[in-house]
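Data first, discussion second: the structure below is written as structure tokens.
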Amino acid sequence: MWGVQVKLGLGIFLFMVLAFIVKMPMYFTHLWLPKAHVEAPVAGSMILAGVLLKLGGYGLWRVWSLVGVGARLFGGYFFGLSVLGIVYVGLSCLRLGDMKALVAYSSVAHIGLVICGLVRLYFWGINGALVIIIGHGICSSGLFCAVNIYYERSGRRAFYINKGALSILSVFTLIFFILCVSNMAAPPTISLLSEIFLMGGMLKYDLLILLLFPLGSYLGAVFTLFLFSYSQHGKFYGGIFSFSFSSFLENHLIVIHLLPLNLAFLKFEFFLSLY
Amino acid sequence: MLFSSGAIFHTGGTSFFYFFVYLLTLVLVLTFLVNNYFSFYFFFESSLIPTLLIIMGWGYQPERLQAGVYFLFYTLVASLPLLLMIAYYYIVQGGRGM
């Protein structure tokens, strides 16, 4: 009797949650994300990363009251998958040659953290997941816009073509760096806030998480710094003819993304009250 | 979490693009605002169609066709069990709420 009930429970939990697991991609079901992001135009990519992924998170939030009991029974699978997914995605980001694909994979890594926080059913974990969802939406959207600025000028998304932008678009380097700071969860952005919340929510699960979560976080910093330093530092690519200055519209667009990220930590009790 | 489409630029403007982006934004706002699971599911799925049209119509590489189809079917097939489960909860509980 107990065996039958547990099996039925797994089916219901999985069916209910599968839609959102695919939408906000968890590691095994993330295969559509790099394809869709790399092929989409910039506005489509921004809306995809900024809002559509959060649809999955919001949907998970909404059905959590129905199937949250299943998280105690079956959440371990998703937790382990997501934590290992962060590490794998972080490692595979270091071998990419495509800026947009790197930002897409960093989306997968962040959402892996979200799922880890959600299945723990701790207050800190769920709040941390919510803060990551908000911060990642703004940060990923800004990063896609920033990568598009280089794509529009050089016509290629490859790292090698777009390197050395510090010599060319110096002012934009500062803005790009502040955006990368948010992606690698460094202070003073709310991404750091979210990772601290999640650390409190995740670490009691198993001793192995003490190894995997810092490794995943570190790899996030590594590939974000890889993105920043490869595209900014170094000698600029010799095959460019002209490179227009970044217009007001582009700078304005990215600063709109930066301001919530860097200022929202000043009132972070707002995030604690959302649960 | 929602960004206004007025600040998003792209190379070479046609009016249909803004229509699709606006429609997508509208559907997404509605997804977060409705109160019952069926409406949420309806808007959840219908946000896929403008996204697919944006990817297919204004993407940059020829791989976007396959990528768009991949994205659409992956997400669609995975959320079909969600519809079954929402219907199941509706039947089991005799009526649904939040």
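Restricted to the stretch B:85-98, and to residues there that are part of a helix (DSSP H, G or I) and loosely packed, with under 13 Cβ neighbours inside 10 Å, the residue that is farthest from the other protein chains (Cβ to nearest Cβ) is B:I91. If the condition is being touching a residue at least 40 places away in the same chain (Cβ under 8 Å), surrounded by fewer than 20 Cβ atoms within 10 Å (Cβ to Cβ) and either under 30 Å from A:L169 (Cβ atoms) or of a type in the set (A, V, I, L, M) (or both), then the stretch A:200-216 contributes A:I209, A:L212, A:L215. Reported count of residues in the stretch B:50-67, each being within 19 Å of the chain's Cα centre (by Cα) and facing chain A (nearest Cβ under 7 Å), is 7. Pairs are defined by a Cβ separation below 8 Å, a sequence spacing of at least 6 or placement on different chains, a first member in the stretch A:235-264 that is within 14 Å of another protein chain (Cβ to nearest Cβ), and a second member that is of a type in the set (S, T, N, Q) and in a helix (DSSP H, G or I); the pairs so defined are A:H257/A:S141; A:L258/A:S182; A:L261/A:S182; A:L261/A:S191. Just one of the listed residues (A:M46, A:M99) is closer than 27 Å to B:Q61 by Cα and out of contact with any Cys (no Cβ under 8 Å at 6 or more places or on another chain), namely A:M99. List the number of the failed condition for A:V87; all other conditions in (1) away from chain B (no Cβ under 13 Å); (2) surrounded by 23 or more Cβ atoms within 10 Å (Cβ to Cβ) hold. Condition (2) is where A:V87 drops out.
Taking the conditions (1) closer than 21 Å to A:T29 by Cα; (2) free of Cβ contacts under 8 Å to residues at least 12 places away in the same chain; (3) open to solvent by less than 30 Å² (accessible area, probe 1.4 Å) in turn, A:A109 satisfies each one other than (2).
Considering (1) open to solvent by 10 Å² or more (accessible area, probe 1.4 Å); (2) under 23 Å from A:A19 (Cβ atoms); (3) of a type outside the set (F, W, Y), the lone condition that A:K100 does not fulfil carries the number (2). Taking the criterion of being open to solvent by 10 Å² or more (accessible area, probe 1.4 Å), over 21 Å from A:G57 (Cα atoms) and assigned to a loop (DSSP other than H, G, I, E, B), would at least one residue in the stretch A:133-155 satisfy it? Within the stretch A:133-155 (the criterion being open to solvent by 10 Å² or more (accessible area, probe 1.4 Å), over 21 Å from A:G57 (Cα atoms) and assigned to a loop (DSSP other than H, G, I, E, B)), the answer is yes, since at least one residue qualifies. Among the residues of the stretch A:220-267, those identified as in a loop (DSSP other than H, G, I, E, B) and open to solvent by 80 Å² or more (accessible area, probe 1.4 Å) are A:H233, A:K235, A:F236, A:F241, A:S242, A:F245. Scanning the stretch A:39-91 for residues that are in contact with a helix residue (DSSP H, G or I) (Cβ under 9 Å, 6 or more places away or on another chain) and hydroxyl-bearing (S, T, Y) turns up A:S45, A:Y58, A:S82, A:Y88.
The values are calculated or read from the model by the stated rules, or taken from the named source; none is laboratory data. Bear in mind the structure is a predicted one, so any value in this text is a computation, not a measurement. Please note: Cβ atoms are built from the backbone with ideal geometry, for glycine as well, and neighbour counts cover all protein chains shown. When the accessible area is computed, the model is the full protein with side chains, heavy atoms only, and any ligands, DNA or RNA have been set aside. Shrake-Rupley method; radii C 1.70, N 1.55, O 1.52, S 1.80 Å.
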